[in-house]
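Q: I have a structure here, written as structure tokens, and I will follow up with some questions on it.
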């Protein structure tokens, strides 16, 4: 078997309550990682695509974050309800989910709209501004 | 700041003693991750290159393993003494360290020589055969 076609890293960093920066895994359950892994398995992609937990990806203001390599697509504010679309669109059809992507200028930037072409939701404003 | 130019994931998975497969982080100290991170900082690459811990990369027989994206270079049996060369050659000069690279046919394969162009050392034979 060759290298993985795609390799997903799900930030599961957990900060102490009251930390200056938000946390991708506030409740310590790493649910997003589990759901993505289960969905990849269920889609029959287990041998071609790996889903790993990672330490802090340093995009805390946009978390929970997921990065997909080798294409280096960064997703921000990923919710468990987004998992099915990431699998179907990005991992099966090869079309990254634009509505979840962090814009290039948002990476390493706490204050930005971080989702191109989409109006900010209250949750996003609250976290990012 | 833009995306990371390179993103290293260091497997820090730790299995229970007596497990069927070996463990990349047998003593639980994640020393390799710490050393790589410190060396990247010391080389002034911190803003361009990220070093993260990851969960099991599933190349346990060749561990400790490190994968470098976006180029998808896989290193196996990485020792703390290899850190300086990875920094200088791969991360500064852009030349992956061939002697540490897992051959394409070794990925997901427990039994292989897994280092092209290099004779097996006793440690490697013991682990892989």
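The values are calculated or read from the model by the stated rules, or taken from the named source; none is laboratory data. From a predicted model like this one, the values you see are computed outputs, not experimental measurements. Counting neighbours? That spans all protein chains shown, and the Cβs are built from the backbone with ideal geometry, glycine included.
Q: Give me a count of the residues in the range B:1-20 that are within 15 Å of residue B:40 (Cβ to Cβ) and without any contact (Cβ under 8 Å) to a residue 24 or more places away in the chain.
A: Total meeting the criteria: 0.
Q: Hey, residue B:128 hits all of (1) more than 14 Å from chain A (Cβ to nearest Cβ); (2) at pLDDT below 95; (3) under 25 Å from residue A:67 (Cα atoms) but one; which does it fall short on?
A: Just one mismatch for residue B:128, condition (3).
Q: So if I check each of A:61, A:111, A:93, which one is exposed (fewer than 14 other Cβ atoms within 10 Å of the Cβ), more than 18 Å from residue B:51 (Cα to Cα) and modelled with pLDDT under 95? Write out each step before concluding.
A: Numbers: A:61 fails: exposed (fewer than 14 other Cβ atoms within 10 Å of the Cβ); A:93 fails: modelled with pLDDT under 95.
Criteria check complete, one pass: A:111.
Q: Related question: Taking residue A:55 as the residue in question, decide whether it is more than 10 Å from chain B (Cβ to nearest Cβ) and either buried (at least 20 other Cβ atoms within 10 Å of the Cβ) or free of Cβ contacts under 8 Å to residues at least 40 places away in the same chain (or both). Steps first, answer last, please.
A: Working: more than 10 Å from chain B (Cβ to nearest Cβ): no; either buried (at least 20 other Cβ atoms within 10 Å of the Cβ) or free of Cβ contacts under 8 Å to residues at least 40 places away in the same chain (or both): yes.
Spelling it out, it is not the case that residue A:55 is more than 10 Å from chain B (Cβ to nearest Cβ) and either buried (at least 20 other Cβ atoms within 10 Å of the Cβ) or free of Cβ contacts under 8 Å to residues at least 40 places away in the same chain (or both).
Q: Same structure, new question: Which of the numbered conditions does residue A:4 fail, given that it passes all the others? Conditions: (1) buried (at least 22 other Cβ atoms within 10 Å of the Cβ); (2) in contact with a helix residue (DSSP H, G or I) (Cβ under 8 Å, 6 or more places away or on another chain).
A: In the conditions (1) buried (at least 22 other Cβ atoms within 10 Å of the Cβ); (2) in contact with a helix residue (DSSP H, G or I) (Cβ under 8 Å, 6 or more places away or on another chain), residue A:4 misses (2) alone.
Q: Is there a residue in the range A:18-39 that is more than 9 Å from chain B (Cβ to nearest Cβ), within 14 Å of the chain's Cα centre (by Cα) and under 26 Å from residue B:106 (Cβ atoms)?
A: There is at least one residue in the range A:18-39 that is more than 9 Å from chain B (Cβ to nearest Cβ), within 14 Å of the chain's Cα centre (by Cα) and under 26 Å from residue B:106 (Cβ atoms).
Q: Kindly check whether there is at least one residue in the range A:16-29 that is under 22 Å from residue B:67 (Cα atoms) and out of contact with any helix residue (DSSP H, G or I) (no Cβ under 7 Å at 6 or more places or on another chain).
A: Step one: list which residues in the range A:16-29 are under 22 Å from residue B:67 (Cα atoms), which gives none.
Checking the range A:16-29: not a single residue is under 22 Å from residue B:67 (Cα atoms) and out of contact with any helix residue (DSSP H, G or I) (no Cβ under 7 Å at 6 or more places or on another chain).
Q: A follow-up question, please. Only one of A:73, A:67 is within 18 Å of residue B:52 (Cα to Cα) and either more than 13 Å from chain B (Cβ to nearest Cβ) or free of Cβ contacts under 8 Å to residues at least 40 places away in the same chain (or both); which?
A: Values: A:67 fails: either more than 13 Å from chain B (Cβ to nearest Cβ) or free of Cβ contacts under 8 Å to residues at least 40 places away in the same chain (or both).
It is A:73.
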